[in-house]
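Have a look at the structure below before the remarks.
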Amino acid sequence: MSAVLAMAGVILVVLGIVACALNSGGLVNFLKLRNLKRHGVEGEAVSELQEWISSGHRVYYYVRLPGATPQSVPPRFTEVGPEPQGPVGAVVPVVYDRRKPSRARTGKLADIDLSDEWGGVKAFWGTGFTCIGLGLVLILVFH
């Protein structure tokens, strides 16, 4: 019986690791959005190039930093979405990280919503860590 419970522990650990791995991109996206929400500054960005791709449009922007010299290279970022916010050269509102301005997202600071990503992170990572913890207890007790 103890060998069966130890094997169940191994299976739970593997399932927990799989659950965490399945949402690793969601965790990264959540952490990026959270940092942008905490350290973000509203400003302006200008679209440089727009490409149509199979999942929508890819738009390349550069951020207009206040007080930047004309010869300095502006920070750039890319967004993929269904529709660009205007033609090439259009000025759009942007939120950028003042510590690293190339971490940016078009829109206003109030538009950043963490709830969708946070729900996925809690569901997958909470379940994953619970399975890993329970599996390790079973392995340690019944091995």
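The values are calculated or read from the model by the stated rules, or taken from the named source; none is laboratory data. Everything numeric in this text was worked out from a predicted model, so none of it was measured. Cβ: placed from backbone, ideal geometry, glycine included. Neighbour counts: every protein chain shown. In case anyone asks, the SASA skips ligands and DNA or RNA and just uses the protein heavy atoms, side chains included. Shrake-Rupley method; radii C 1.70, N 1.55, O 1.52, S 1.80 Å.
A few notes on this one:
- If you filter region 52-64 down to residues that are in a strand (DSSP E or B), in contact with a strand residue (DSSP E or B) (Cβ under 7 Å, 6 or more places away or on another chain) and open to solvent by 60 Å² or more (accessible area, probe 1.4 Å), you find that the one that is farthest from Gly89 (Cα to Cα) is Arg58.
- In region 96-117, the condition of being open to solvent by less than 80 Å² (accessible area, probe 1.4 Å), over 30 Å from Cys20 (Cα atoms) and assigned to a strand (DSSP E or B) is met by no residue.
- Output for region 70-90, where each listed residue is surrounded by 13 or more Cβ atoms within 10 Å (Cβ to Cβ) and closer than 14 Å to Lys100 by Cα: Pro74, Pro75, Arg76, Phe77
- Just so you know, in region 1-36 the residues that are surrounded by 15 or more Cβ atoms within 10 Å (Cβ to Cβ) and in contact with a strand residue (DSSP E or B) (Cβ under 9 Å, 6 or more places away or on another chain) include one that is nearest to Val94 (Cα to Cα), and it is Leu36.
- Pair list, Cβ < 7 Å and 6+ apart or interchain, from region 24-51 residues that are basic (Lys, Arg) to residues that are open to solvent by less than 20 Å² (accessible area, probe 1.4 Å) and not in a strand (DSSP E or B): Lys37/Ile112
- Within region 37-51, restricting attention to residues that are over 30 Å from Lys122 (Cα atoms) and open to solvent by 70 Å² or more (accessible area, probe 1.4 Å), the residue that is nearest to the chain's Cα centre (by Cα) is Glu44.
- Residues that are modelled with pLDDT of 90 or more and under 20 Å from Arg98 (Cα atoms), drawn from region 44-69: Glu44, Ala45, Val46, Ser47, Tyr60, Tyr61, Tyr62, Val63, Arg64, Leu65
- Considered as a group, the residues in region 122-143 that are touching a Leu at 6+ places or on another chain (Cβ under 7 Å) and surrounded by fewer than 17 Cβ atoms within 10 Å (Cβ to Cβ) include one that is farthest from Leu33 (Cα to Cα), and that residue is Phe142.
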